[in-house]
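Below: one structure, written as structure tokens.
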Amino acid sequence: MSSIPAVTDATFAEEVLASETPVLVEYWAEWCGPCRQVSPVLEELADDYGDRLRIVKMNSDENVVTAAAQRVMAVPTLQVFQRGELVASIVGAKPKRALAAELDRFVQ
């Protein structure tokens with residue numbers, strides 16, 4: 001079981017947009033093979049960044065309102081929000097080093 005918390009259509013605004021800390025949202029689906037590949041990488045990144053970056057998951061099949069509003073067209077899609085604004089979007093599974101390089105721009 002993942003230690004990365006889930007967000008839903010109902011909790012997205014509070015958990016992501018209202019966060020004081022930068023938030024990485026992974027949009028995923030049960031049937032998505034690349035999502036299973038990126039999951040352990042996100043677990044490691046959550047440990048690496050600690051309190052400096054919050055990582056959450058959203059099942060895009062179960063939360064279609066937010067996925068559509070954020071224009072998620074494929075999974076996995078990773079979006080970084082800072083002070084309620086979308087600041088980065090990464091589509092597809094990437095290695096840890098590539099994800100960390102992207103995230104380092106937003107994390108102190």
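Looking across the stretch 76-87 at every residue that is touching a helix residue (DSSP H, G or I) at 6+ places or on another chain (Cβ under 6 Å) and not aromatic (Phe, Trp, Tyr), the one that is farthest from LEU17 (Cα to Cα) is identified as PRO76.
Please go through the stretch 1-18 and pick out each residue that is in contact (Cβ under 8 Å) with a residue 24 or more places away in the chain, part of a loop (DSSP other than H, G, I, E, B) and either crowded, with 18+ Cβ neighbours inside 10 Å or of a type in the set (A, V, I, L, M) (or both). Selection gives ILE4, VAL7, ALA18. If you go through the stretch 52-72 and pick out every residue that is open to solvent by less than 30 Å² (accessible area, probe 1.4 Å) and either more than 21 Å from LEU42 (Cα to Cα) or not basic (Lys, Arg) (or both), you end up with 10.
Residues that are out of contact with any Ser or Thr (no Cβ under 7 Å at 6 or more places or on another chain) and either more than 18 Å from ALA101 (Cβ to Cβ) or open to solvent by 70 Å² or more (accessible area, probe 1.4 Å) (or both) within the stretch 24-39 comprise VAL25, GLU30, TRP31, CYS32, GLY33, PRO34, CYS35, ARG36, GLN37, listed in sequence order.
The values are calculated or read from the model by the stated rules, or taken from the named source; none is laboratory data. Predicted, not measured: the structure shown is a model, and the values here were computed from it. Positions of Cβ are generated from backbone atoms using ideal geometry, with glycine treated the same way; all protein chains shown enter the neighbour counts. Just the protein is used for accessible areas: all its heavy atoms, side chains included, with ligands, DNA and RNA removed. Shrake-Rupley method; radii C 1.70, N 1.55, O 1.52, S 1.80 Å.
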